[in-house]
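Participant: One structure coming up, written as structure tokens, with questions to follow.
The values are calculated or read from the model by the stated rules, or taken from the named source; none is laboratory data. The structure presented is a predicted model; accordingly, all values stated were derived computationally and were not measured. Here the Cβ positions follow ideal geometry from the backbone for every residue, glycine too, while neighbour counts run over all protein chains shown.
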Amino acid sequence: MSVYDHGFARVTGAVPIVSIADPATNTERTVELVRAAADDGAALVVFPELGLCGYSIDDLFHQDAVIDACLTGLASIVEASRGLRPVITVGLPMRVGDGLYNCAAVVHDGAILGVVPKSYLPNYREFYEQRFFAAARDAPVTTATVLGQQVPFGADLIFEATDVEGFSVHVEICEDGWVPIPPSTWAALAGATVLVNLSGSPVTVGKEGYRKALCTSHSARCVAAHVYVAAGFGESTTDLAWDGDALISENGTLLARSDLFAMDAQMITADIDLDRLRQERMRMISLRDQVGDFADELKPLRRIRFTLGSDTALGSDTAAGDILRREVPRFPFVPADSADRDARCREVGNIQVQGLAARLRATGIDKIVIGVSGGLDSTLALLVAVDTFDRLGLPRENILAYTMPGFATGTATLRRAHVLMDTLGVSGSEIDIRPSCEQMLADLGHPYAGGEKVYDVTFENVQAGERTSHLFRLANHHGAIVLGTGDLSELALGWCTYGVGDQMSHYNVNSSVPKTLIQHLIRWMIATGAYSAETTEVLTEILDDVISPELVPAGDDGRIQSTEDTVGPYELHDFFLYYVTRFGYRPEKVAYLASQAWGDRDRGAWSELISDHRRNQYDADTIRHWLGVFLKRFMGNQFKRSAMPNGPKIGSGGSLSPRGDWRSPSDASARVWLDAL
């Protein structure tokens, strides 16, 4: 199978070395790069503006010899494209009627699909394009004769593949993308998913950052992929310089970028996620509203249909056909870049603190009750509470923290809970819940009360329920609210007991924070240096310990109860959660993405762009097994999420509140997902 079988399309930006006013040489270099892109399984390859002759030839644009040679070069490219997969966009000057137009020819499999003239001709500072060219609006025709065939001509063309769902291309040229309302905006509203910009774009100080902002933000506004390719080495440096900047963006994310100022030809490649674009557009009601507002303007846009190839598994005949040319983060909730990760953790912490502070002020209550187990979730909630009370100017003693050892509480976790409470300066207490649990088990007639080692769900939940009962009654007694500690990952898996502390509280600051992010948040908090050496040591121990509910006593071998041994690795479940709820992907695509991120495989040359920690973790069978577990548990535990307490939404990738991102019936079947898997 290839990337195309999973809803992706491979696109390439090509920056050849330019030979000024030498279309024959430029054509040879263009064809060479086209063939390389085709061998790599590309569906689209984009070249710079006026690349067949060079952007910087000035009045030589009006020389018949140059114009004719460009057409000869185009004919060679058309011929070379026969039998190749990619749609090719090349730039050249072209006479139509009495005007000379700055054009992009769109070529595929031995035919010219259409020609797009530039709409907006810059004529300021170093640009004098109105001296040479007519604008698209000046064209007296909508078709033109090119190399003896009649082809669509205009800026209103959308090129749609018939055999790759959602692959719909619009082409514009340089300045067209810099105006307030680019032609590609209208095309995106009309359904174009891949926006192409052939550019000349001489470089000046600061332009590198501006181009990135322009391309990524345009792809985000249009919910589209964007391929931008600027002219590179070989253009005239009489008065200007050229950096060969090429960028591929998708819905606000930069997927690939060329090496600036390279003196050799370059190609950048990325696999754009057509499913993601489709899902995002389907959800964005405001986008559809604007489509309706401009329906009359959008209907005249012309759609040119083509077939990429009879073999829908494009690229499957290449060694890299199933290797995804884009980063697939192992931890989609956690930025990979350290600076971005620090900023994310700071922002998440502020959201949690503001949420709790606002709730305290709204209720007029200045105390909280929290259960502290010595594990990850309650630790984060306690740290957030401390920060909140400090910012509100409330004494930390108003944080009433309780550790409540049960039948399986370890001495290490109990010690850590006490150290945390003591060193953070909160009001810390211990309540042994074992006597009340034993009484309830006896009242129930449970075998444990008769001396049998029966550690069933009743045995576990009696402990969880007793802790919660104590917390709520303590809140009543002290005029406080109960602060919840359960996290997003537990809610997704249903790894929480209905009506108890990890599912129920007065307010939960962790409700949309996944387990993988909690670990990084605590690491970030340690790095701030805000805590004493003793607190820091305990926080480090908590991060290194096995995740356990500590409800079942250790076995004869001393092995303690492990959450991840039972429900699976949280790092995989958080990955599944992100792609299932955020994008609604089919299970087979989620499994494929997980294999790209976590699989043990030879990624060839692409491995150079993938750090070593990205490989050699989970094989395909393991991924599919735990994905099946996730789907069953996720669909089967909606009733717990339908009754979850208030808590702040943290990020666009995750909230399961029935009042927020996720609304689902509690009795839905998981069959359709499991069948698909």
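Participant: Which one is surrounded by the fewest Cβ atoms within 10 Å (Cβ to Cβ) among residues in region 47-82 that are of a type in the set (A, V, I, L, M, F, W, C) and in a loop (DSSP other than H, G, I, E, B)?
Facilitator: Among those that are of a type in the set (A, V, I, L, M, F, W, C) and in a loop (DSSP other than H, G, I, E, B), it is 57.
Participant: Residue 404 is checked against (1) surrounded by fewer than 19 Cβ atoms within 10 Å (Cβ to Cβ); (2) touching a Lys or Arg at 6+ places or on another chain (Cβ under 6 Å) and fails just one. What number does that condition carry?
Facilitator: It fails just one condition, (1).
Participant: Checking the structure you have, find out if any residue of region 413-428 is part of a strand (DSSP E or B), in the same structural domain as residue 366 (by TED's automatic domain parsing), under 20 Å from residue 387 (Cα atoms) and of a type in the set (Gly, Ala, Ser). Break it down into steps so the answer makes sense when it comes.
Facilitator: Step one: list which residues in region 413-428 are part of a strand (DSSP E or B), which gives 427-428.
Those left that are additionally in the same structural domain as residue 366 (by TED's automatic domain parsing): 427-428.
Applying the additional criterion that residues be under 20 Å from residue 387 (Cα atoms) yields 427-428.
Filter again for of a type in the set (Gly, Ala, Ser), leaving 427-428.
Taking every residue of region 413-428 in turn, at least one turns out to be part of a strand (DSSP E or B), in the same structural domain as residue 366 (by TED's automatic domain parsing), under 20 Å from residue 387 (Cα atoms) and of a type in the set (Gly, Ala, Ser).
Participant: Which residues, taken from region 354-403, are of a type in the set (Gly, Ala, Ser), in contact with a Leu (Cβ under 8 Å, 6 or more places away or on another chain) and at negative phi?
Facilitator: Of region 354-403, the ones of a type in the set (Gly, Ala, Ser) are 355, 357-358, 362, 364, 371, 373-375, 378, 381, 385, 393, 401.
Those still in the list that are in contact with a Leu (Cβ under 8 Å, 6 or more places away or on another chain) too: 357, 371, 374, 381, 385, 401.
Correct list: 357, 371, 381, 385, 401.
Participant: Taking the conditions exactly as written (in the same structural domain as residue 173 (by TED's automatic domain parsing) and surrounded by fewer than 23 Cβ atoms within 10 Å (Cβ to Cβ)), does residue 44 satisfy them or not?
Facilitator: No: the conditions fail for residue 44.
Participant: Suppose the filter is surrounded by fewer than 19 Cβ atoms within 10 Å (Cβ to Cβ), among the acidic types (Asp, Glu) and either within 19 Å of residue 484 (Cβ to Cβ) or in contact with a Phe, Trp or Tyr (Cβ under 7 Å, 6 or more places away or on another chain) (or both); does residue 387 pass it?
Facilitator: yes
Participant: A further question follows. Is it true that some residue in region 65-80 is on the phi > 0 side of the Ramachandran plot and of a type outside the set (Ser, Thr, Tyr)? So that I can check it myself, show each step before the final result.
Facilitator: Keep residues of region 65-80 that are on the phi > 0 side of the Ramachandran plot, which gives none.
Scanning region 65-80 turns up no residue that is on the phi > 0 side of the Ramachandran plot and of a type outside the set (Ser, Thr, Tyr).
Participant: Here's another thing I want to ask about it. If I ask for residues that are part of a strand (DSSP E or B), among the hydrophobic types (A, V, I, L, M, F, W, C) and within 35 Å of the chain's Cα centre (by Cα), which ones from region 348-404 would you list?
Facilitator: 370, the sole residue that qualifies.
Participant: Within the set of pairs 6 or more residues apart or between chains, which connect a residue that is free of Cβ contacts under 8 Å to residues at least 12 places away in the same chain inside region 145-160 to a residue that is outside any loop (DSSP other than H, G, I, E, B) with Cβ atoms less than 9 Å apart?
Facilitator: Pairs found: 145/96; 145/151; 150/143; 150/144.
Participant: Hey, another quick one. Spot the failing condition for residue 499; the list is (1) surrounded by fewer than 24 Cβ atoms within 10 Å (Cβ to Cβ); (2) within 26 Å of the chain's Cα centre (by Cα), and only one is missed.
Facilitator: Residue 499 satisfies all of (1) surrounded by fewer than 24 Cβ atoms within 10 Å (Cβ to Cβ); (2) within 26 Å of the chain's Cα centre (by Cα) except (2).
Participant: If you take the residues in region 262-285 that are out of contact with any helix residue (DSSP H, G or I) (no Cβ under 7 Å at 6 or more places or on another chain) and acidic (Asp, Glu), which one is nearest to residue 580 (Cα to Cα)?
Facilitator: Among residues in region 262-285 that are out of contact with any helix residue (DSSP H, G or I) (no Cβ under 7 Å at 6 or more places or on another chain) and acidic (Asp, Glu), the one nearest to residue 580 (Cα to Cα) is 280.
Participant: State which residue pairs qualify: first residue assigned by TED's automatic domain parsing to the domain that holds residue 191 and inside region 293-308, second residue in a helix (DSSP H, G or I) and surrounded by 12 or more Cβ atoms within 10 Å (Cβ to Cβ) in any location, beta carbons under 6 Å apart, and separation of 6 or more residues or different chains.
Facilitator: Pairs found: 298/189.
Participant: Okay, next question. Just the residues that are in a loop (DSSP other than H, G, I, E, B) and either of a type in the set (Val, Ile, Thr) or closer than 20 Å to residue 593 by Cβ (or both), please, taken from region 623-660. Lay out the reasoning, then the answer.
Facilitator: To start, the set of residues in region 623-660 that are in a loop (DSSP other than H, G, I, E, B) comprises 637, 642-650, 652-653, 655-660.
650, 652, 653, listed by residue number.
Participant: Taking residue 120 as the residue in question, decide whether it is more than 14 Å from residue 35 (Cβ to Cβ) and at pLDDT 95 or above. Spell out how you get there, then give the answer.
Facilitator: On the way: more than 14 Å from residue 35 (Cβ to Cβ): yes; at pLDDT 95 or above: yes.
Considered against the rule, which asks whether it is more than 14 Å from residue 35 (Cβ to Cβ) and at pLDDT 95 or above, residue 120 comes out as yes.
Participant: A further question follows. Do we find that residue 120 is in a loop (DSSP other than H, G, I, E, B), within 28 Å of residue 66 (Cα to Cα) and free of Cβ contacts under 8 Å to residues at least 24 places away in the same chain in this structure?
Facilitator: Details: in a loop (DSSP other than H, G, I, E, B): yes; within 28 Å of residue 66 (Cα to Cα): yes; free of Cβ contacts under 8 Å to residues at least 24 places away in the same chain: no.
When the stated conditions are applied, residue 120 does not pass them.
Participant: Follow-up question, since we're still on this one. Across region 189-200, what is the number of residues that are assigned to a loop (DSSP other than H, G, I, E, B) and surrounded by 24 or more Cβ atoms within 10 Å (Cβ to Cβ)? Before the answer, list the steps.
Facilitator: Step one: of region 189-200, the residues assigned to a loop (DSSP other than H, G, I, E, B) are 190-193, 199-200.
Subsequent filtering for residues that are surrounded by 24 or more Cβ atoms within 10 Å (Cβ to Cβ) retains 192-193, 199-200.
The total comes to 4.
Participant: For region 238-321, which strands (runs of 3 or more DSSP E) that fit wholly inside it have 3 or more residues that are at pLDDT 95 or above and under 22 Å from the mean Cα position of the chain (by Cα)?
Facilitator: Filter on region 238-321 gives 246-250, 253-257, 266-273.
Participant: Collect the residues in region 1-40 that are hydroxyl-bearing (Ser, Thr, Tyr), in a helix (DSSP H, G or I) and touching a residue at least 60 places away in the same chain (Cβ under 8 Å), keeping them in residue-number order.
Facilitator: Scanning region 1-40 gives 4, 30.
Quick grid of which residues meet (1) farther than 20 Å from residue 168 by Cβ; (2) outside any loop (DSSP other than H, G, I, E, B); (3) under 21 Å from the mean Cα position of the chain (by Cα); (4) outside the structural domain of residue 294 (by TED's automatic domain parsing):
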site	(1), (2), (3), (4)
181	no, no, no, no
202	yes, no, no, no
208	yes, yes, no, no
213	yes, yes, yes, no
217	yes, yes, yes, no
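Participant: In addition: Looking only at residues in region 429-468 that are among the aliphatic types (A, V, I, L, M) and over 19 Å from residue 372 (Cβ atoms), which one is surrounded by the fewest Cβ atoms within 10 Å (Cβ to Cβ)? Walk me through how you get there before you give the answer.
Facilitator: To start, the set of residues in region 429-468 that are among the aliphatic types (A, V, I, L, M) comprises 431, 433, 440-442, 444, 449, 454, 457, 462, 464.
After this cut, where a residue has to be over 19 Å from residue 372 (Cβ atoms) as well, the list is 440-442, 444, 449, 454, 457, 462.
Values: 440: 18, 441: 20, 442: 12, 444: 13, 449: 16, 454: 13, 457: 9, 462: 25.
Among residues in region 429-468 that are among the aliphatic types (A, V, I, L, M) and over 19 Å from residue 372 (Cβ atoms), the one surrounded by the fewest Cβ atoms within 10 Å (Cβ to Cβ) is 457.
Participant: Determine which single condition residue 186 fails, assuming it passes every other condition in (1) buried (at least 22 other Cβ atoms within 10 Å of the Cβ); (2) outside any loop (DSSP other than H, G, I, E, B).
Facilitator: Looking at each condition in turn, residue 186 falls short on (1).
Participant: Report, ordered by the first and then the second residue, all pairs with beta carbons closer than 6 Å, sequence separation of six or more or different chains, a first member in region 57-75 that is more than 13 Å from residue 94 (Cβ to Cβ), and a second member that is assigned to a helix (DSSP H, G or I) and at pLDDT 95 or above.
Facilitator: Between residues of region 57-75 that are more than 13 Å from residue 94 (Cβ to Cβ) and residues that are assigned to a helix (DSSP H, G or I) and at pLDDT 95 or above, the close pairs are 60/66.
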